[in-house]
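Below is one structure, written out as structure tokens; the observations come after it.
The values are calculated or read from the model by the stated rules, or taken from the named source; none is laboratory data. Just so it is clear, the model here is predicted, and its values are computed rather than measured. Neighbour counts are summed over all protein chains in view; Cβ atoms, including those assigned to glycine, are modelled from backbone coordinates with ideal geometry. In case anyone asks, the SASA skips ligands and DNA or RNA and just uses the protein heavy atoms, side chains included. Shrake-Rupley method; radii C 1.70, N 1.55, O 1.52, S 1.80 Å.
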Amino acid sequence: KLPEAILATYDTKEAEKDPENFARKIARETEWADVIVLGPGIGMEDYARCMVENVLKDAYVPIILDADALNFVGWGGLPQVFDPKNDKWAAEYRELTGYFTENIIVTPHMKEMSRLTGIQIEEMKENPVRTAREFADQYGVVCVLKDAATVIAGRDGKTFVNGSGTPAMAKGGSGDVLTGIIAGLAAIGMEEEQAALMGVYLHGRA
């Protein structure tokens, strides 16, 4: 149970039929938020893409971008990929990176990072520090590249490699927990980079 949670629900069909009203509803929710987690569990339908675009466009608080949100943004890294569910080429989503600002923290695992950059996983594993650093520099975001050793690339040119954690963390759901920890730290006032650093470390320690 989470009795203190305040829920703002939406009807997916309504969101698809009236995207302008859906966008207004998203704007109302982003106005009062201290931090936003965007991606886990939202799916890959059109209404979810609308949600991702409008949150990125309207919110000025820290946003932790994970899971399905990264997939929307990252499909543009592989323009040859076709999305049969939505009947469009993946590159059509690429403009979402245009909304990246310094309040964004991205938390991709290697497969998601491959979609974001167009770089093959094998190549990224040869130098994950460079991969994370280049992405953070290109978009002006904090990049948390998740792997056996997670790399955190901040906006000021500093890059960190985390040493906490165990192989048992390599399972579904671990990334969602990490995103929640980073969000919690950002919500109590930590800067994005510090929240990412401390979040990754605490996640591994736990």
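Name the shape class, rounded, prolate or oblate, that the alpha-carbon gyration tensor gives for the range 1-68, where a ≥ b ≥ c are the square roots of its eigenvalues, rounded holds for a/c under 1.5, and otherwise prolate holds if a/b is larger than b/c and oblate otherwise. Rounded, since a/c falls under 1.5. By its C-alpha gyration tensor, with a ≥ b ≥ c as the square roots of the eigenvalues, how is the range 158-203 shaped: rounded for a/c under 1.5, else prolate for a/b larger than b/c, else oblate? Verdict is oblate for the range 158-203. If a paramagnetic tag sat 7 Å from the Cα of residue 164 along the Cα-Cβ line, which residues of the range 184-205 would have the backbone N under 12 Å from that point? Label zone hits: 196-205. For the chain, the relative contact order comes to 16 percent (Cα pairs under 8 Å, sequence separation of at least 6).
Here is the list for the range 87-186: GluC sites (Glu not before Pro) lying in DSSP coil, each with at most 16 other C-beta atoms within 10 angstrom of its C-beta, are 102. One chain, two ends: residue 171 and residue 4. Fully extended at 0.36 nm per residue, the span grows by 57.3 nm beyond their Cα-Cα distance.
Using the membrane-span-like helix rule (whole DSSP H runs, Cα extent along the own axis of at least 15 Å, mean Kyte-Doolittle hydropathy at least -0.5), which helices of the chain qualify?
Details: long enough: 19-32 (21 Å, -1.37); 46-58 (18 Å, -0.41); 128-139 (17 Å, -1.04); 174-187 (20 Å, 1.43); 192-205 (20 Å, -0.21).
Qualifying helices, which must be both long enough and hydrophobic enough, are 46-58, 174-187, 192-205.
Surface composition of the chain: carbon plus sulfur atoms contribute 53% of the solvent-accessible area (1.4 Å probe, protein chains only, all chains present).
What the Cβ-Cβ distance of residue 198 and residue 44 gives, at R0 = 35 Å and to the nearest 0.05, is a FRET efficiency of 0.70.
Rounded to the nearest 500, the helix-only mean residue ellipticity at 222 nm of the chain stands at -14000 deg cm²/dmol, with each DSSP H run of n ≥ 4 adding -39,500 (n - 2.57). Classified by the C-alpha gyration tensor, the chain has an oblate form. Its axis ratio a/c, with a ≥ b ≥ c, is 1.5 or above, and a/b does not exceed b/c. Using a probe of 1.4 angstrom and keeping all protein chains present, the accessible surface of the chain works out to 53 square angstrom per residue.
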